[in-house]
Amino acid sequence: MTTHTPAIAPLPQRAAAIEAALQAHGLDAKTGIEQGVHNAEDVWLPERGARVVAKAWVDAAYRQRLLANGKAAVAEWGIELPPHHRHLVVLENTATVHNVICCTLCSCTAFTVIGLPPDWYKDLNYRARIVRESRSVLREMGLDLPDTMELRVWDTTADTRYMVLPHRPAHTQGWSEAQLAAIVSKDAMIGVARL
């Protein structure tokens, strides 16, 4: 006895069917798709988070607001999180503590602040191993932390997103906010790099 596997339509045909279904429910799929592409390419960039980090490094009062209520503090920069991102928790790296974030279920990040997640962040290997073998995974990614440094791994939840506030390099004293923002990377705001 053989079983019949139904044919799967080619991707363009499936995309057109989804668009038609949205149109049938009164939604303007084309405009939504164009807005999504614009956001991904021009708005949701790591430079936004880098400016937040630089401000926190030079303004102690802003840093305290950021650590107390990340969502409200980034809103001061006009950065909105989607409604289902109810909380943005900012995790401060120090000389003795290092934080790293992940999403073991999928690939959730605070993308409107730090940019869309990199491919490796979405990979099952990273998602599964970072919580069990965090030091090994970070070492494989080029970050070899001393054994004396406390390492904390934070897993995104349905309504909470995380962002790492990197430890400010000592040699940057006296730098402008623009100079500081230029050295902040998406990897540092995820916690797989130190500056």
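Since every read-out is calculated from the coordinates, none of them should be taken as a lab result. Not measured: the values here are computed from a predicted model. Backbone-built Cβ (ideal geometry, glycine too); neighbour counts: all protein chains shown.
Of all aspartates and glutamates in the structure, those lying under 19 Å Cα to Cα from Lys55, and not within fewer than 8 positions of it along the same chain, are Glu47, Glu76, Glu80, Glu92, Glu177, Asp187. Distant-in-sequence amide contacts of Thr156, defined by a placed amide H-H separation under 5 Å and a gap of 5 or more residues or a different chain, comprise Cys102, Cys103, Thr104. Scanning the chain for GluC sites (Glu not before Pro) lying in DSSP loops with no more than 12 further Cβ atoms inside 10 Å, the longest uninterrupted stretch between such sites is 1-75. For segment 29-120, chymotrypsin sites (Phe, Trp or Tyr not before Pro) are listed when DSSP marks them as loop and at most 15 other Cβ atoms sit within 10 Å of their Cβ; the list is Trp77.
Taking 0.36 nm per residue of separation and subtracting the current Cα-Cα distance, fully stretching the chain between Glu177 and Ala9 would add 55.4 nm. Using a Gaussian network model of the chain in which every pair of alpha carbons under 10 angstrom is joined by a spring, one finds that among Thr172, Thr31, Thr109 the greatest mean-square fluctuation is at Thr31.
Here the chain is assigned +1 on the Cβ of each Lys and Arg and -1 on the Cβ of each Asp and Glu. Its dipole about the Cα centre then comes out at about 340 debye. Isolated cysteines of the chain, defined as having no other cysteine beta carbon under 4.7 Å away, are Cys102, Cys106. Applying both filters, DSSP loop and at most 12 other Cβ atoms within 10 Å, to the trypsin sites (Lys or Arg not before Pro) of segment 87-163 gives Arg132.
The Rg/Rh ratio of segment 53-163, with Rg taken over Cα atoms and Rh as the Kirkwood radius over Cα pairs, comes to 0.97. Derived from the Cα gyration tensor, the three semi-axes of the equivalent ellipsoid of segment 1-86 are 43, 16, 13 Å, largest first. Is there a pair in Lys30/Lys186; Lys71/Lys186; Lys30/Lys122 whose C-alpha atoms are over 23 Å apart, and which pairs would that be? Going by Cα-Cα distance, Lys30/Lys186; Lys30/Lys122 fall outside the 23 Å limit. Across the chain, Cα pairs under 8 Å and at least six residues apart give a relative contact order of 26 percent. Among 65-71, 8-14, the peptide with the highest mean count of other Cβ atoms within 10 Å heads the list, and the full ranking is 65-71, 8-14.
In whole Å, what is the distance between the alpha-carbon centres of segment 1-78 and segment 87-132? Here the answer is 16 Å between Cα centres. The phi torsions of segment 181-191, fed into the Karplus equation with coefficients 6.51, -1.76 and 1.60 and a -60° offset, translate into couplings of 4, 5, 9, 7, 10, 4, 4, 5, 7, 8, x Hz, rounded to whole numbers, with Gly and Pro shown as x.
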